[in-house]
Amino acid sequence: MHADPQGVLTGAHFLDGDHAACEGAIAAGARFAAGYPITPSTEVVERFAMRAPTVGGTFIQMEDELAASITIQGAVWGGVKAFTVTSGPGFSLMMEHIGYAAMTETPCVFINVQRGGPSTGLPTLPAQADMMQVRWGSHGDYEIIALCPNSPQECFDLTIKAFNFSEQYRVPVFVMLDEVVGHMTEKVIIPPAEEIEIEPRHFTKKAPKDFRLYEPEANQVPDMVKAGDGYNIHVTGLTHDQRGYPDMTPPMQDVLVKRLQSKILDNADKICLFEKENVEGADVVVVSYGITSRVAQRAVDQAREKGVKVGKLRLITAWPFPERVISEIAPTIKGFVVPELNLGQMVREVERCAGGKTRTVRVSHAGGTVHNPESILNAILEVAR
Amino acid sequence: MSSVAIPQNPVEPFLRSERMPHIWCPGCGIGTTVNCFTRALLDSKADLTKLAIVSGIGCTGRVAGYTNLDSFHTTHGRAIPFATGLKLANPELNVVVYSGDGDLFAIGGNHLIHAARRNVNLKVICVNNLIYAMTGGQTAPTTPGDVITSTAPYGTYDPAFNLPYLVEAAGAVYVARWTTFHVRQLAKSMAEMFQKKGFGFIEVLSPCPTLYQRRNKMGDGLDAMKFYKQVSKIKHGAPTSEVALSKSGEIVVGKFVDRERPEYIGTMNTYLEQQLGERYVEPHTLSDDGGCSGGELEVISCNR
């Protein structure tokens with residue numbers, strides 16, 4: 001399905017990442033957002049508040065992030081595509097409803113413009129330190145999808161992707177910006193609506209008497225309905241059977257929670273997006289994502305000038321983690337170099353997937369600004385030696 | 001053998017009979033409130049397809065799961081913001097929030113006052129058993145003073161909320177209180193609230209013989225009914241500042257507030273239309289094929 005032209009501002013724009021993400025959401029068909037102000041993410045909903053009434057959308061500013069993150073889920077069951085936006089402290093408050101969205105298979109999108117933490121930390125300065133929180137922050141076993149744009153253009157493109165994935169797999173999907181990507185202004189091309197592919201909501205074609213709310217269809221994902229259509233659905237965060245009725249037994253827990261996991265992991269190859277460059281024949285591969293991938297590019301270029309055989313792997317999908325590509329590269333190189341704006345998060349995944357077949361060297365940074373490319377270059381040179 | 005036709009209970013179509021028996025204890029009043037709720041729906045001839053019910057967590061939080069409606073059992077305290085999203089996305093739905101005192105006024109208190117402030121068209125039924133019952137009888141923000149609970153083994157001294165007073169101050173257009181003794185008045189009050197536009201609130205005092213009464217030597221469910229009968233005074237229009245509850249004092253019941261205030265969605269649509277003129281596009285849900293309904297090309301530019 002193509003995007004609704006009403007929401008698509010086709011043309012060349014000069015936008016920051018926050019604004020571009022908002023346009024991506026609207027292009028993807030999002031017509032509902034609930035938010036609570038928090039730096040450096042607020043511009044996303046500020047723009048949505050301006051745009052929504054002109055495209056048949058609704059914005060509501062809630063009393064806190066707990067409310068925002070569940071209001072969007074009420075809206076989804078009411079029959080719209082919906083999202084919320086936040087940063088560190090607000091993201092911490094949203095954890096409860098990430099679990100609810102995962103358990104109730106409510107398709108929705110969270111945009112997190114990451115800032116330095118813990119706690120109030122660095123409200124106006126960047127970090128990439130919510131990368132494990134986004135994966136593991138709510139209690140229990142579940143899977144999510146997280147995407148990491150490194151430019152305003154990608155904020156637009158990947159927000160559309162996020163909505164598409166959320167409808168396809170019925171999971172909460174996260175667009176993990178950081179303060180720099182959120183606030184940098186660059187050229188953003190918004191294509192014509194007919195060139196934007198949109199995943200529609202998969203409403204069931206079955207009659208109410210034949211429909212079971214959590215009966216898996218293709219891809220292990222159940223079809224949806226919206227409230228008011230006569231299906232008399234029951235949605236609960238309790239462990240439930242295919243009718244959606246509570247069934248708090250070990251066998252049901254086993255069936256349900258394993259499906260919540262496998263519907264994502266069995267499709268990981270379709271969800272894992274990455275950019276690979278000069279990896280074949282490389283001695284060193286730099287693995288990075290988000291703003292750090294742009295700093296790393298400089299270090300990679302400098303190393304190549306010095307004759308080092310260095311490749312780059314840019315993670316676009318952080319979760320599910322692209323295990324396969326890492327494990328394939330690992331035996332062919334001297335080592336991975338993993339710079340990130342945290343004290344070591346995704347690097348643990350790289351190390352795990354490398355499985356001892358090669359070295360994994362972290363280039364940590366506590367956040368507040370981006371890396372000095374030299375720190376990454378030094379790590380590359382050290383591993384190449 | 002000849003078969004005997006068993007007449008159907010008129011409330012049966014409203015319930016998910018396949019989920020019975022329910023989890024509530026003998027003597028608990030929640031089932032009574034559900035009966036009143038279904039009677040109110042019968043009386044108001046509501047379109048049940050367009051009725052959704054949202055609960056939080058707790059004993060009363062289980063109500064959503066037993067009603068044969070679009071029903072949502074959400075997270076603890078968050079029934080109201082979920083319901084707000086549901087209503088805003090799909091305004092033709094009538095949305096009822098059915099939850100307990102701890103859920104709505106402790107963990108969910110902030111959401112409740114803000115929904116009342118906005119005057120979102122939600123109908124809130126709060127079953128108040130004066131305690132956290134699902135978790136074993138801990139002190140709630142509604143527990144009166146000098147009461148034994150599992151977390152106040154020497155008695156409570158935290159002051160309790162006066163729910164009607166709080167909700168009126170926050171902006172509700174309809175505020176009433178009944179007990180599970182007042183089944184006819186409660187059903188009538190619910191039906192009346194459903195007709196009202198805006199944020200409506202009914203507090204229903206309901207016995208918890210298993211935890212609240214047992215620990216305080218207050219007898220069983222029947223004793224609670226006798227107590228309600230004995231100490232309740234119907235005072236319609238009573239100032240909500242004067243209806244606070246105590247352990248064994250008078251229970252003032254009745255309709256306290258019935259007023260008009262602009263309802264949220266109507267206000268939003270009218271205001272935005274006034275501000276934006278022809279540029280305003282009224283919100284709509286996804287079409288049956290799961291896409292946005294198409295519209296004219298956007299002509300304004302939002303370039304920064």
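The values are calculated or read from the model by the stated rules, or taken from the named source; none is laboratory data. Because the structure is a prediction, the values reported are computed rather than measured. With ideal geometry, Cβ positions are generated from the backbone for all residues, glycine too; neighbour counts draw on all protein chains shown. Accessible surface is based on the protein model in full, side chains and every heavy atom, while ligands, DNA and RNA are left aside. Shrake-Rupley method; radii C 1.70, N 1.55, O 1.52, S 1.80 Å.
Assorted remarks:
- Prolate/oblate/rounded call for segment A:72-216, Cα gyration tensor, a/c under 1.5 rounded: oblate
- Across A:Lys270/A:Lys312; A:Lys187/A:Lys306; A:Lys209/B:Lys50; B:Lys188/B:Lys217, pairs whose alpha-carbon gap is larger than 25 Å: A:Lys187/A:Lys306; B:Lys188/B:Lys217
- Rounded to 5, the percent of DSSP beta bridges in segment B:113-232 classed as antiparallel: 15 percent
- Antiparallel %, DSSP beta bridges [both residues in chain B], to 5: 20 percent
- Spatial separation of Cα centroids for segment A:161-235 and segment B:33-95, in angstrom: 24 Å
- Inter-centroid distance (Cα atoms) of segment A:21-69 relative to segment B:10-32, Å: 40 Å
- Under a model in which nothing but the beta-carbon of Lys, Arg (+1) and Asp, Glu (-1) is charged, segment A:2-195 shows a dipole of about 160 debye around its Cα centre.
- Comparing Cα centroids, segment A:88-115 and segment A:305-370 end up 26 angstrom apart.
- Within chain A, DSSP assigns beta bridges of which about 30% are antiparallel (rounded to the nearest 5).
- Positive-pole candidate from B:Phe37, B:Ile6, B:Leu122, dipole of segment B:1-133, charges at beta carbon: B:Leu122
- Per-residue shielding of B:85-98, expressed as the average number of other chain Cβ atoms within 10 Å of the residue Cβ, stands at 6.
- Taking Lys and Arg as +1 and Asp and Glu as -1, the other residues whose beta-carbon sits under 14 Å from that of B:Gly102 total -2.
- Cα gyration tensor category, rounded, prolate or oblate, for segment A:1-59 with a/c compared to 1.5: oblate
- A cut-off under 12 angstrom between Cβ atoms defines the neighbours of B:Val127, and their net charge, with Lys, Arg +1 and Asp, Glu -1, is -1.
- Residues along segment A:1-31 losing 40 Å² or more of accessible surface when the other protein chains are present rather than the chain by itself (probe 1.4 Å): A:Met1, A:Asp4, A:Pro5, A:Gln6, A:Leu9
- For the pair B and A, total buried accessible area rounded to nearest 100 Å², probe 1.4 Å: 5000 Å²
- This model, with +1 at the C-beta of Lys and Arg and -1 at the C-beta of Asp and Glu, gives segment A:178-260 a dipole about its Cα centre of some 500 debye.
- Of the solvent-accessible surface of segment B:12-265, computed with a 1.4 Å probe over protein heavy atoms with every protein chain present, carbon and sulfur atoms account for 55 percent.
- Remark: spin-label model distance A:Phe274-A:Lys309 equals 1.9 nm, labels positioned 7 Å along the Cα→Cβ axis.
- Averaging the sequence gap over all C-alpha pairs within less than 8 Å and six or more residues apart, then dividing by the number of residues, gives chain A a relative contact order of 17 percent.
- Excluding ligands, DNA and RNA, the accessible surface per residue across the protein assembly as shown is 38 Å² with a 1.4 Å probe.
- Eigen-decomposition of the gyration tensor built on the alpha-carbon atoms of segment A:1-117 gives equivalent ellipsoid semi-axes of 22, 18, 12 angstrom, largest listed first.
- Accessible-area value, B:His73, 1.4 Å probe, nucleic acids and ligands omitted, Å²: 10 Å²
- Exercise: per-residue mean of other protein chain Cβ atoms within 10 Å, B:259-272: 1
- In a reduced charge model with +1 at each Lys and Arg Cβ and -1 at each Asp and Glu Cβ, chain B shows a dipole moment near 980 debye about its Cα centre.
- Solvent-accessible surface ranking, highest first, for B:Lys229, B:Lys217, A:Lys263 at 1.4 angstrom: B:Lys217, B:Lys229, A:Lys263
- Neighbours of B:Cys292 by Cβ distance under 9 Å: Lys/Arg scored +1, Asp/Glu scored -1, total +1.
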